[in-house]
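These notes concern the structure reproduced below.
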Amino acid sequence: MSGDAGVAVVDEVPGLVDGTPLLKVRDLTVTFSSRNRTTVRAVDGVSLDVAPGSTVGIVGESGSGKSVTSLAALGLLGRRGVEVGGSVEFDGADLLHMPEDELRAVRGREIAMIFQDPMSSLNPVLTVGRQITEILERHRDLKGNEARDRAAELLQSVGIGDSLRRLRSYPHQLSGGMRQRVMIAMALACSPRLLIADEPTTALDVTISAQILELLRLLVAETQTALVLITHDLGVVAGMCDTVHVMYSGRIVESAPRRALFAEPQHPYTTGLLASVPRMDQPRGNPLLPIPGSPSDTLPWSQGCAFAPRCTRRVPESVGCPPPLLHVGSRAGRHLVRCVNPVPSP
Amino acid sequence: MSLLEVRGLQVHFPIKRGIVLERTVGAVRAVDGVDLAVERGRTLGIVGESGCGKSTLGRAILQLEPVTAGTVAFDGEDLARLKPTAMRAMRRRMQMVFQDPLASLDPRQSVASVLSEPLRTHGEKGPYDKRVRELLDLVGLPSSAASRYPHEFSGGQRQRVGIARAIALSPELIVADEPVSALDVSIQAQVVNLLEELQERLSLTYLVIAHDLAVVRHISDDIAVMYLGTIVEVAPSEDLYARPLHPYTIALLSAIPIPDPEVEDRRERVLLRGDLPSAADPPSGCRFHTRCPYRQPTRCDDEVPVLRTPEGFPGQAVACHWAEQVASGQLRPASSPVVATAPDG
Amino acid sequence: MSLTAGADLAAGSADSGATGEQAAGLYRDAFRRLRRSPTAIVGAALVALFVFVAVFAPLLAPYSPTAVDLTDIRPGVFPGPSAEHPLGLDQLGRDELSRIIYGARYSLLIGIVSLSLGAVVGLALGLLAGAFGGWVDGLVMRLVDIMLAVPSLLLAIGVAALLGPRLLSVMIAIAVVNVPIFARLLRGSMLAQRRSDYALAARSLGVTRGRIVLQHVFPNSLAPVIVQGTLALATAIIEAAGLAFLGLGSADPAIPEWGRMLAETNAFLASAPLLALWPGLAIVLSVMGFYLLGEALREALDPKLRR
């Protein structure tokens, strides 16, 4: 399972920013092993940088490793049967080797996460207000009325009106969109410098989803919070992110500034995704070009490109040794692709 | 004559209280007065968000939900008047494709058994092997799939099995309820293309219900937009994106992310405030008035708008008092109420 | 036509012609998982041992359970384990090992008879309620609620008073306790399955209600019932022992029933603690066997683990 066939392949680092990145992930590898000794490499050598105040998108389908990447980086995967390799630095501090209590403090204060299903991340037996003030008491030393007023302010700031009354609500009394707003308010309680949003709108209706995305957009613009947006929806990424990383089967296969990625997608998986979704703004007659097979038809990266079994641009070189992640055009363009036969620019 | 014609359809679910002596204290008006028609060989898409009643509408059309009022006429026959045996016989002409392909297949049935069940039910003589192979081939599955069980397949393959079951009796109408939303993005197009192919080969009529407007538009000839149990707009798919008339349609369209930064950066967003009101107690007048960015002081709150063809827009129908003024730009949306302020330090 | 969606399947199984119904995939799968679960293996081993001992008791037991050996017995003296009597003799000079071995027969008999009785009646009621719903459901469930409301001990005393202290009354008492459990379980499971998409799919095909219930809903509702059945055997053994301990079991002193053995040694606990240990251990091990097996089954049949 290990050892990439002895061929030394050095990947370029995607999204490398000038100056110091806030979050610096290098060669992150996550391996799950189960009781009967089968191991699954969920994340395989992922490197990326997140600059302060920027929005970075990680796009992929189920099983691409996009969520595992963020959970592993924050030490949220647990220890049993999980092996995490590589390095994750947040503001210069090594998150992977930090003692658990220190890490918890960083997660509460500096880094916050919101998830797809707010219902499962909220405590059903506590009021929304109690859950927010608890964070404020623990991390911000606010007490009593002070904490309550601050909690109400936070709810107001995420667009929940009548916030003093809402503080007394239980999670089940709120709609899905409202719950996600509460989650965002909780995430913002400590004014984190990094917010990781894992499919924040997937469970929501499109008009509610638009409200939540607009809210995140404004937050980034006004507070200089760095945002990592994990999603399967290329459309969401197109309107939100500065840099986009496309993941497939645990690795980044393409990485580029937003405009470059959509204007000149190079990896056959990226172009495949774009061609397989119908677009509202284009004439209806355009045929959809699906990606054949299913996401489970993959090749282990050690034996070549994982996408090769489904790829229409497969060449003999796709199989054998893993393709490296390399720059397309100049380094300044920050456009990288992991493909031996990339799609030519239009 | 249209293959399917629905008039004034209502499906109300009673809300009951009490354990021993149940009493009805109200009703959820899941579908509340829907008119629609689908011509033979065409596809009507029904879009709307969760809770708008679109799934209930689909099931009520197939007489799988108790209809409170209104009529569903299939090929001229009022389905509610059919006796149970006649209705069961009628079912071979109208079939359904479900959202969750795993949940809609009995986990204890092999694919062969799934596909022969409709044939057996409608009195066709076995053996069914040949027809099963034929059906699998139609949906692009190998004949070896016949002896397998649902959990052995991927999501896309399961949906193919579900589609094969739906076409087993060579029906005329297929109601597809969210046929692709449970599937991975890269698989959705496979199933959409399969549905289109089958429509052409078997001259099927589709009623496609989904929340994803882009997918619905791709597959449908006409689209009906639902909000809180009623249809607010009907338009040919070509026109809907170019000139949405109902404020809800406008908001819905502007909320759909488009995978193109150039388009995204230029777009004007019409954001709705708040959440969907309860279908047990819908707002008075126009049901959308509580969230409408174009709401006017008169008519909206107290006068129920009817579905009508506004002047200058033949082929479209809209249930809005101010459709003409909204379309001409005479009325502008109220500004976005999403966020008051960002929290400070 | 179409895509290569099934390409990976084509390479697989050769039995493509088989279109008849086979052993359901669910149970085949569950069995495969059971074989890999240590809980299941330990549980199954204990249950197998228990059943083996019960079935072959006459061959395994060195003595008759009622044979009395008075050579060493005097009031207040209990000869401990010896070469002739590995577990010693009881207060009446009977071989303890033989009584424990024969006791397995009674535990298994009580367990199986009371379980089958309780399950058959309970499942019938559950099927009635689950299949018809509506007022039938309401009526059956109120009846079941009343049964649940009567404490099982009270019920057992009542049955014993009515039928006299016999093995049969123990069985009936335990069966009656099991009826509402099975009825509610099957009914809940069936109502959930009736609401499932595949039941709706069958309706949309025009399959009649009776066939949907019998062919789809009922078989798919059985998994929790099987689990409950295994666990109920464990509780039946405990309940039988408990009733015997309280003197509500069979009045015949010759019957080597574990709970009764436990009760009879009560008076000699200080001088002969081992005599209490053996039946206690036998109860614990047999109950644990069924319990572990039930837990493993619950895990193996969990549909969430199959996706």
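The values are calculated or read from the model by the stated rules, or taken from the named source; none is laboratory data. If you're wondering where the values come from, they're calculated on a predicted model, not measured in any experiment. With ideal geometry, Cβ positions are generated from the backbone for all residues, glycine too; neighbour counts draw on all protein chains shown. What goes into the accessible areas is simple: the full protein's heavy atoms, side chains included, and nothing from ligands, DNA or RNA. Shrake-Rupley method; radii C 1.70, N 1.55, O 1.52, S 1.80 Å.
General remarks:
- Residue count for region B:146-156, restricted to those that are part of a helix (DSSP H, G or I) and either in contact with an Asp or Glu (Cβ under 9 Å, 6 or more places away or on another chain) or more than 8 Å from chain C (Cβ to nearest Cβ) (or both): 6.
- Complete set of residues in region B:292-320 that are crowded, with 21+ Cβ neighbours inside 10 Å and either without any contact (Cβ under 8 Å) to a residue 40 or more places away in the chain or in the same structural domain as B:S50 (by TED's automatic domain parsing) (or both): B:C300, B:P305
- Which numbered condition C:S204 fails, given (1) under 27 Å from the mean Cα position of the chain (by Cα); (2) within 10 Å of chain B (Cβ to nearest Cβ): (1)
- Filtered residues of region B:103-115 (kept if within 7 Å of another protein chain (Cβ to nearest Cβ) and either closer than 11 Å to B:R158 by Cβ or open to solvent by 10 Å² or more (accessible area, probe 1.4 Å) (or both)): B:A103, B:S104, B:L105, B:P107, B:R108
- One residue from B:A176, B:A210, B:A182 being within 25 Å of B:L240 (Cβ to Cβ), open to solvent by 30 Å² or more (accessible area, probe 1.4 Å), small (G, A, S) and more than 7 Å from every other protein chain (Cβ to nearest Cβ): B:A182
- Residue in region A:115-124 that is touching a residue at least 40 places away in the same chain (Cβ under 8 Å) and loosely packed, with under 14 Cβ neighbours inside 10 Å present: yes
- When restricted to residues that are open to solvent by less than 40 Å² (accessible area, probe 1.4 Å) and closer than 22 Å to B:R160 by Cα, region A:298-310 contains 1.
- Of residues in region B:261-283 being part of a loop (DSSP other than H, G, I, E, B) and open to solvent by 70 Å² or more (accessible area, probe 1.4 Å), the one nearest to A:A260 (Cα to Cα): B:E268
- Residue match in region A:199-218 (condition: touching a residue at least 40 places away in the same chain (Cβ under 8 Å), away from chain B (no Cβ under 12 Å) and open to solvent by less than 10 Å² (accessible area, probe 1.4 Å)): yes
- Among the residues making up region A:84-104, those that are surrounded by fewer than 14 Cβ atoms within 10 Å (Cβ to Cβ) and touching a residue at least 24 places away in the same chain (Cβ under 8 Å) are A:G92, A:E100.
- Single residue of B:L135, B:L119, B:L141 found to be at the interface with chain C (Cβ under 7 Å from one of its Cβ atoms) and either assigned to a loop (DSSP other than H, G, I, E, B) or in contact (Cβ under 8 Å) with a residue 12 or more places away in the chain (or both): B:L141
- Only one entry in C:A254, C:A276, C:A236, C:A241 is surrounded by fewer than 17 Cβ atoms within 10 Å (Cβ to Cβ) and either farther than 30 Å from B:R108 by Cα or of a type in the set (S, T, N, Q) (or both), namely C:A254.
- Annotation note: of C:T265, C:T230, C:T235, the sole residue that is of a type in the set (S, T, Y), farther than 30 Å from C:R28 by Cα and assigned to a helix (DSSP H, G or I) is C:T265.
- Near pairs, Cβ below 9 angstrom, 6+ apart or cross-chain, from region B:71-84 (on the phi < 0 side of the Ramachandran plot) to any residue that is exposed (fewer than 13 other Cβ atoms within 10 Å of the Cβ) and assigned to a strand (DSSP E or B): B:T71/B:G8; B:T71/B:D78; B:V72/B:D78
- Residue within region C:281-303 that is under 23 Å from C:V68 (Cβ atoms) and either of a type outside the set (D, E) or part of a helix (DSSP H, G or I) (or both) present: yes
- Of the residues contained in region A:253-260, none is found to be within 12 Å of chain B (Cβ to nearest Cβ), among the polar types (S, T, N, Q) and either in a strand (DSSP E or B) or surrounded by fewer than 24 Cβ atoms within 10 Å (Cβ to Cβ) (or both).
- In region B:213-243, the residues that are at the interface with chain A (Cβ under 8 Å from one of its Cβ atoms) and either on the phi > 0 side of the Ramachandran plot or of a type in the set (D, E, K, R) (or both): B:R217, B:E238
- Selection status of C:G130, over 21 Å from C:T230 (Cα atoms), assigned to a helix (DSSP H, G or I) and either modelled with pLDDT of 90 or more or not aliphatic (A, V, I, L, M) (or both): yes
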